[in-house]
Every structure is written in structure tokens, then in C-alpha cells.
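Trainee: My questions will all concern the structure given below.
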Amino acid sequence: MRVATLTKRRSSSSHRNLNWKKERIKKDIFISYAWTSGTHREWVRLIAIQLRLLGYTVQIDSAVEYGASLSNFMREVTEADRVLMIVDENYVERADRLPESGVGIENRWIRSVFKEKSASWLSVLFVNNLRYLLPAWLADQQPKGFNFNSNADLNKFPGIEQMDDLWRWIEGLPADRAHALSTARLLERTARRD
């Protein structure tokens with residue numbers, strides 16, 4: 001009897017540990033963006049790589065196999081844990097005026113479930129968008145936004161601070177770092193638990 005009890009306790013402890021790990025397993029992130037230019041697409045892919053290096057599952061169209069349905073891929077946005085909308089002025093133009101473009105279709109899917117999702121489901125990265133324009137349907141919703149605009153004249157470029165802010169949003173951590181552990185320390189602690 002005692003052995004069975006110990007085994008049961010161990011398995012329920014292991015089960016709890018597995019549940020904790022499932023909760024801690026990195027989230028699925030769907031990236032919605034416009035194919036504005038080769039340079040912009042390259043930049044978006046670099047963001048996707050950074051997020052993958054942090055352990056997230058990133059859904060991005062460049063990962064869709066040749067011949068696979070882009071429509072089915074775009075529909076997956078509704079199931080993602082987080083949606084990262086990379087918004088430049090071209091993105092806004094496509095979302096508002098080209099409903100059959102990839103951006104238009106993705107926005108239709110995003111909009112269809114937006115009200116059902118938590119406020120932390122969708123965030124916007126503003127890139128080459130100094131006026132912080134949003135698609136018309138989203139403008140009044142005031143989603144969480146991150147400034148990834150560059151200004152070479154002022155020698156201002158997005159970097160580790162913006163990535164840290166983005167990471168905090170994905171993980172649901174407070175944006176205020178006054179009493180927060182550093183990103184490196186949090187990742188170190190997370191790694192020890194795994």
C-alpha cells in the first residue's frame with residue numbers, strides 16, 4: 001500500500017510538473033505583415049528568428065511549404081496564442097483597400113475573433129510607420145503597440161530594449177522594469193525548471 005501511495009504521489013507530482021511545463025512551453029505566435037519590399041521581408045524574418053531562438057513557435061508565411069494552401073495557413077491566425085501585426089504604411093493600405101490581398105484576408109480572420117480574445121492576444125509593431133497608422137477596423141481598439149521605427153538621421157534603431165518589451169508582452173510580464181528581473185535572469189530560471 002505504501003509503495004502504491006508513493007508511486008501515486010510521484011506520478012501526480014510529475015503530472016503537476018508536466019502541466020506546469022505545458023503552461024510554460026512557449027506560445028504560438030502568428031506574424032502578420034505585408035510584403036512591402038525584400039528588405040522589409042528580411043527584417044520580419046529576422047524578428048521571427050529571434051522569437052524562435054527564444055523558444056517560441058512562430059507561424060509565418062515563409063514557413064509554408066510550396067504548394068500548401070496559404071488560405072488555410074492564414075486561417076490559423078485565429079488559433080494562435082499571440083498575434084504580432086507588423087504594421088508599416090503598406091500594411092495599412094492593403095488591410096483597408098485590398099481585401100483579397102494576403103494582409104486583407106489575414107485581417108478579416110483576425111477581426112472575426114478579435115472581440116473574443118484577451119486584450120493581450122494582439123499587438124502591433126510599428127515599422128516605417130512614424131504616424132502609427134493602423135488598419136481602420138483596429139484604430140479605435142487601441143491595441144498594445146511597440147515602436148520599431150528607425151531614424152538613421154538621429155541614429156535611433158530598434159534593438160534589445162524593444163525586443164525585451166516584446167518578450168514581456170508575449171510572456172504576460174509587466175512592462176515596468178523597475179522591480180523586474182532581467183530577461184537573462186528570467187530565462188536562466190526558466191531553464192533550470194525545465
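The values are calculated or read from the model by the stated rules, or taken from the named source; none is laboratory data. Bear in mind the structure is a predicted one, so any value in this text is a computation, not a measurement. Backbone-built Cβ (ideal geometry, glycine too); neighbour counts: all protein chains shown.
Trainee: Report the residue count in the stretch 91-105 for those that are closer than 13 Å to residue 32 by Cβ and either charged (D, E, K, R) or assigned to a helix (DSSP H, G or I) (or both).
Mentor: Residues that pass the stated criteria total 8.
Trainee: For residue 96, only one of the following conditions fails: (1) touching a strand residue (DSSP E or B) at 6+ places or on another chain (Cβ under 9 Å); (2) surrounded by fewer than 20 Cβ atoms within 10 Å (Cβ to Cβ); (3) at pLDDT 95 or above. What is its number?
Mentor: (1)
Trainee: Inspect all residues belonging to the stretch 130-141 and state whether any of them is under 19 Å from the mean Cα position of the chain (by Cα), at pLDDT 85 or above, over 15 Å from residue 86 (Cα atoms) and in a helix (DSSP H, G or I).
Mentor: The answer is yes, given that some residue of the stretch 130-141 is under 19 Å from the mean Cα position of the chain (by Cα), at pLDDT 85 or above, over 15 Å from residue 86 (Cα atoms) and in a helix (DSSP H, G or I).
Trainee: Tell me which residues, restricted to the stretch 170-194, are closer than 14 Å to residue 50 by Cβ and modelled with pLDDT of 80 or more.
Mentor: Scanning the stretch 170-194 gives a single hit, 170.
Trainee: Across the stretch 106-129, what is the number of residues that are more than 23 Å from residue 46 (Cβ to Cβ), at pLDDT 90 or above, part of a loop (DSSP other than H, G, I, E, B) and in contact with a strand residue (DSSP E or B) (Cβ under 8 Å, 6 or more places away or on another chain)?
Mentor: Of the residues in the stretch 106-129, 1 are more than 23 Å from residue 46 (Cβ to Cβ), at pLDDT 90 or above, part of a loop (DSSP other than H, G, I, E, B) and in contact with a strand residue (DSSP E or B) (Cβ under 8 Å, 6 or more places away or on another chain).
Trainee: Right, another one. Residue pairs, Cβ under 8 Å, 6 or more apart or interchain, first in the stretch 47-61 and assigned to a helix (DSSP H, G or I), second surrounded by fewer than 20 Cβ atoms within 10 Å (Cβ to Cβ) and not polar (S, T, N, Q). List them.
Mentor: Listed by first residue and then by second, the contacts come to 50/163; 51/170; 61/70; 61/73; 61/102.
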